[in-house]
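First comes the structure, then the notes that go with it.
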Amino acid sequence: MLDLSKYQSIGEALRDALDRYSNEVCLIEADRQCEKERLTYGDFKERAHPLSKGLQDGGFSAGARASIIMTNQPKWLISAYAIFFSGGVLVPLDYKLTPDEQWQLLKHSSATVLITEYPIWRQLSVSAGRAVATSVQTVLVTEAPANADLAGARRWEEHRGTGEAVFIARERRDTACIVYSSGTGGRPKGCMMTHENYLEQCVALTSLYPFWPGVRYLSILPTNHAIDFMVGFFGPFTCGATVVHLRTLRPEYVREAFPKYKITYVSLVPLVLKNLQKGLQARFDALPPGKRKVFNALVRINKALTKSQPRLGISRRLLKQVHEAFGGELRAIIVGGAFTEPQTLQFFYDLGIPVANGYGLTEAGTAITVNDLKPFRADTVGKPLPGMEVRIVNPAVDGVGEVSVCSKTITAGYLNEPELTAETIVDGRLLTGDLGRFDGAGHLQLTGRKKNMIVTEEGKNIYPEDIEAVFESLSVKEFCVFAANYIWPKPSNTGEKLVLVLHPEPGQQYSEELRLDINARNNRLLNYKRVHGVVLLDEDFPRTAILPL
């Protein structure tokens, strides 16, 4: 791995990585069962530097802002590197946002260059929101058909300059990216992330979960997401590893990718991890009684032998077929972005597949705490990463208070929002808005969001997340808890009653068995924490691009 303490910028580190690991494979692009492209670090450099020169010839200079709106693919990473090499600021946007939302963020960020795919550009070009983003001067479109009307855009493949691109140096304190959260709506919040934020975060993460030449990371999350940008681009590249991009995320092709490419790491959000658990459990339940008995015995043996720490060699021998289905080389699944049920984490660990769950915010660079698996703990989000000073502000009698963080990974602030920045970062400490406590072993346990806290008429504080934990593994598609009087029958902060909202599986009825299960769980709660009713919802819960709202 590169010694990132010696570097001032992302572009500088990536430039040296391309030379150091020139003959190593950095990217694999596959579509369904066909591998479309395989690039070495040397190939990557040959693709990216002419694009950098094209940007520079077009007037793109230090501090200029360029946005990428693309699905996961090598051209995303090539474009990002070309921007960093030219001293620019990257504005990664979610390709799943609506065209009007994307134009709004382009305007807010003052991006002058937009790099996107032809299907996305077709929608953007006819959107009424296009008129507001007057700062965008150059649009580069990938994979456009030969005779396509580009509506003023240029072909990415042809935007190449002549001669050598000039590397533009940047300082650690300079802005590297303007990152918008996946749930941005209404008032945009663009986090100004510095080069130092990313350099320091990469050092901290790879100290626990290292990459090296030969490691293969399966990129499934959108690369604009903070997790995948770090562990699916910057981290692997500074270590000479390989990133595998799939142009389709259909489950059958994702499953095939693990054994085909011998995947080492993959990042998932909790919802996907939960669905993967359901699929595996269904297969285990379908085993004939004799085989199921043997399988369960092997799982118990594996649990006993890995109680203190993972032992991948032992787990791969005991549960060979399970691990072979994942390629036989999987070292960990990285999960983040939302709360993950302890039962789900335990399920995979019992199979010998560690899940590196953690806690973080965009404003904190990516991760604040991560489970180091020494030993494995399913009930916490781990310990603070190296360089993270985490405190609990104004703790109550039970130790619960607001989580605050101080580190070199903390954002420089929100773009054009000095007042919001001052409210969020106080005396150099990031106030996360999350509530939690530290246990005796130094692990952080989250209890909920400060803004979600419900105060009863008796003055009791209730966190919906605590209640939802009791109903985890409920046999429905999804569920949530809310305070009914806050939104129905009229907005109010008094006399609130907790309601459990259920979204059943397709065709599932609210059966007597389900009702009894809910009542039994509810009775385990203290009186003031019990739900007072059940609401059935026949449609999916609202979501952002990757998470429930």
log10 I(q)/I(0), Debye, Cα-only the chain, no solvent, q = 0.09 Å⁻¹? -0.72
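Sorted by mean Cβ packing within 10 Å, highest first, what order do the peptides 499-511, 467-479 take?
Working: 499-511: 14.1, 467-479: 16.6.
Top of the packing list down: 467-479, 499-511.
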Antiparallel DSSP beta bridges within the chain, as percent of all bridges there, nearest 5: 55 percent
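Most exposed first by the Cβ proxy, i.e. fewest other Cβ within 10 Å, how do LEU124, LEU287 rank?
Numbers: LEU124 25, LEU287 13.
In order of increasing Cβ crowding within 10 Å: LEU287, LEU124.
Ranked by Cβ crowding within 10 angstrom, fewest neighbours first, how are LEU431, LEU498, LEU199 ordered?
Going from least to most buried by this count: LEU431, LEU498, LEU199.
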Given a Förster distance of 41 Å, report the FRET efficiency between ASP398 and GLN509 from their Cβ-Cβ distance, rounded to the nearest 0.05. 0.55
Less than 27 Å apart at the alpha-carbon level, and either on another chain or at least 8 residues along: which lysines does that give for LYS75? LYS36, LYS45, LYS53, LYS96, LYS107, LYS189, LYS260, LYS262
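What does the extension gain come out to for ARG160 and SER22, with contour length at 0.36 nm per residue minus their alpha carbon separation? Walk me through the numbers on the way to the answer.
Numbers: separation 138, 0.36 × 138 = 49.68 nm, distance 2.16 nm.
That pair, ARG160 and SER22, stretches by 47.5 nm at full extension.
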Note the per residue figure in Å³ for the convex hull of the C-alpha positions in region 271-418. 149 Å³
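How do SER404, SER267 rank when sorted from fewest to most other Cβ atoms within 10 Å of their own Cβ? Could the numbers behind the result be given before it?
Values: SER404 20, SER267 24.
Ranking SER404, SER267 by Cβ neighbours within 10 Å, fewest first, gives SER404, SER267.
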Please give the FRET efficiency for VAL470 paired with GLN137, using the beta carbon to beta carbon distance and R0 = 41 Å, rounded to the nearest 0.05. 0.15
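I need the calculated FRET efficiency for the pair GLN309 and SER61, taking r as the beta carbon distance and R₀ as 51 Å, to the nearest 0.05.
Numbers: r = 50 Å, r/R0 = 0.99.
Once rounded, the FRET efficiency stands at 0.50.
To the nearest 20 debye, what is the magnitude of the charge dipole of the chain about its Cα centre, counting +1 on the Cβ of each Lys and Arg and -1 on the Cβ of each Asp and Glu? Numbers along the way, then the final one.
Numbers: 63 positive and 60 negative charges, 269 e Å.
Value, rounded to 20: 1300 debye.
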Could you tell me which of VAL136, LEU280, ALA356 has its Cα farthest along the dipole of the chain towards the positive end, charges placed at Cβ (Lys, Arg +1; Asp, Glu -1), taken about the Cα centre? LEU280
Under a plain spin-label model, where a point goes 7 Å from the Cα along Cα-to-Cβ, how far apart in nm are LYS477 and LEU516? 2.6 nm
Between LYS450 and VAL294, 0.36 nm times their residue separation minus their Cα-Cα distance comes to what? 51.5 nm
Taking a straight Cα-to-Cα line shorter than 13 Å from LYS529, and setting aside same-chain aspartates and glutamates fewer than 8 residues away, one finds GLU457, GLU458, GLU465, ASP466, GLU468, GLU496
Which three extents, in angstrom, do the Cα atoms of region 380-452 have along their principal axes, listed largest first? 40, 29, 18
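Every number in this text was worked out from the coordinates using simple rules, so none of it is lab data. Computed from a prediction, not measured in an experiment: that's the story for all the values here. Cβ: placed from backbone, ideal geometry, glycine included. Neighbour counts: every protein chain shown.
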